[in-house]
Amino acid sequence: MISPSCIYACTRFRVRRTKLLSREAYLRIMRMSIPEVVTHLGRQEDYQEIMDLAGDFSGAQLIEEAVNRSLARSFRSAMAIAPGDLHTLTGEYLARWDIANVMAILRGTVHDVPRRQIRDLLIPAGELDSALLDRLLDLTGCGDVLESLQDWRLYPALAEYYRICGEKGVFARIEDELYQQYYAGLLGLAASGCSGCQELIAYLRFEIDITNMKNLLRLHCAKEACDITVVDRTMIPGGNIPLALFRRLYGIGTEEEFISVFLQMAIAPVLARAVRELRQDPNFSSTDAAELVWRRWHQHLRPVHELEMAITRVRLQQMDSLSRRHPFSVLPVLAYLERKRYEVANLRAIARGKAFGLPADRIWQYIVM
């Protein structure tokens, strides 16, 4: 039986999903100047922070600060609405923002980034609230930040780095372990048997595969070559693609073998679909996708930004499709949260692009819908 509170919450999230900015709305915003964008967003219920912050900020900085706070408010509201299992899974899902916030503070502290600049990057949407993040920002040492996080449930991934925090390569290792622990916890909760959880697990495994592929390309494209132990440390368990296949791919040096192994990965048809939609080419196949990746791989180049955006669009479309098939589960909640996340990223990209005088077609390449 589905509880009335679950039906009510899921219905509210589907309604919220329909109120997000449409393609036509983005096109209108792209034709506006920054002051016009500020005025336009200020009239929107979702971005009431524009008016609240107008006395402290202006221009693109006002837009960025306001949409960040709007995102945090939306996520806190989601936690307040979601009942029972939805609440637990939503909280676990939002823990990724805690990771992003902690890593921003650690890196900013070590590299003496001004406190205000670090604060602008933070989205207090998870377990670590604004008050705690502000206290962490006041600390001057990397070790002090770690020590102050002892009550955080992901702290076990940080404990061993207390004495070497700030050394070269340590932050990448910390981040890898945090995300490994994050996905393990989320997959464990999703396996509890709630409505839509099996579909959520399938989606999470898909997301892990994409993350692992990005990490593998990042390592391969680095100026300093790494050995297989670094690859193992970076990979996140739990995806559909066996980690052994990523290890094998990393050591390949010939096109024929690379394409053969790549085509064994479930990500190949996803990439093919993304490129078909990007280029409006119905004949683009998985083999074409493998050859495209090989050309970048062989030259130690990362995939072009447009491809990464195209894959993100496919991922969001899959989440939307799952949420429609399972309307009274955690999936409509997460579909809304992900779409809201990218709406804010889109508005920030527009604000930055306009501030730097970029042409509209260049900014449009960074928009995800």
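Rule-based calculations on the coordinates, nothing more; no lab input. Computed from a prediction, not measured in an experiment: that's the story for all the values here. Quick reminder, even Gly has a Cβ in these numbers, built from the backbone with ideal geometry, and neighbours come from all protein chains shown.
For this structure, a couple of remarks:
- Springs between Cα atoms under 10 Å define the GNM used for the chain, and in it the highest mean-square fluctuation of PRO237, PRO114, PRO156 occurs at PRO114.
- Count of Lys pairs (Cα-Cα under 27 Å; at least 8 positions apart or interchain) in the chain: 7
- A Förster radius of 51 Å combined with the Cβ-Cβ distance from ARG31 to ARG153 puts the calculated FRET efficiency at roughly 0.65.
- Of the GluC sites (Glu not before Pro) in segment 149-247, those whose Cβ has at most 10 other Cβ within 10 Å and which sit in DSSP loop: GLU224
- Counting only Cβ charges, +1 for Lys and Arg and -1 for Asp and Glu, the dipole size of segment 167-207 around its Cα centre is about 60 debye.
- Segment 45-86-segment 106-158 distance, computed between alpha-carbon centres (Å): 20 Å
- Within the listed set ALA202, ALA125, ALA60, the residue fluctuating most in the Gaussian network model of the chain (springs between alpha-carbon atoms under 10 angstrom) is ALA202.
- Computing Rg and the Kirkwood Rh from the Cα coordinates of segment 194-271 gives a ratio, Rg/Rh, of 1.01.
- Longest segment of the chain lacking chymotrypsin sites (Phe, Trp or Tyr not before Pro) that sit in a DSSP loop with at most 15 other Cβ atoms within 10 Å: 163-355
- Using a Förster distance of 45 Å, the FRET efficiency for SER58-ARG14 (Cβ separation, nearest 0.05): 0.80
- Residues in segment 216-246 reached by a label modelled at LEU263 [backbone nitrogen below 20 Å; 7 Å Cα→Cβ]: 241-242, 245-246
- For the chain, the longest site-free run once trypsin sites (Lys or Arg not before Pro) in DSSP loop states with at most 13 other Cβ atoms within 10 Å are removed: 224-369
- Net lengthening on full extension, LEU243/LYS168 (0.36 nm per residue, minus Cα-Cα): 24.4 nm
- Part-to-part distance (alpha-carbon centres) for segment 171-193 and segment 309-369, which is given in Å: 23 Å
- In a simple Cβ point-charge model (Lys, Arg +1; Asp, Glu -1; nothing else charged), the chain has a dipole of about 980 debye relative to its Cα centre.
- GNM top mover of HIS298, HIS111, HIS220 - the chain, alpha-carbon springs below 10 Å: HIS111
- Only Lys, Arg (+1) and Asp, Glu (-1) charged, at Cβ; segment 178-250 dipole about Cα centre in debye: 180 debye
- Selection from LEU21, ALA72, MET51, by position along the positive dipole direction of segment 6-86 (Cβ): LEU21
- Each Cα pair under 8 Å and six or more residues apart adds its separation to the average, and for the chain the resulting relative contact order is 20 percent.
- Its residue count N fixes a reference of 2.2 N^0.38 Å for the chain, and the Cα radius of gyration divided by that reference is 1.02.
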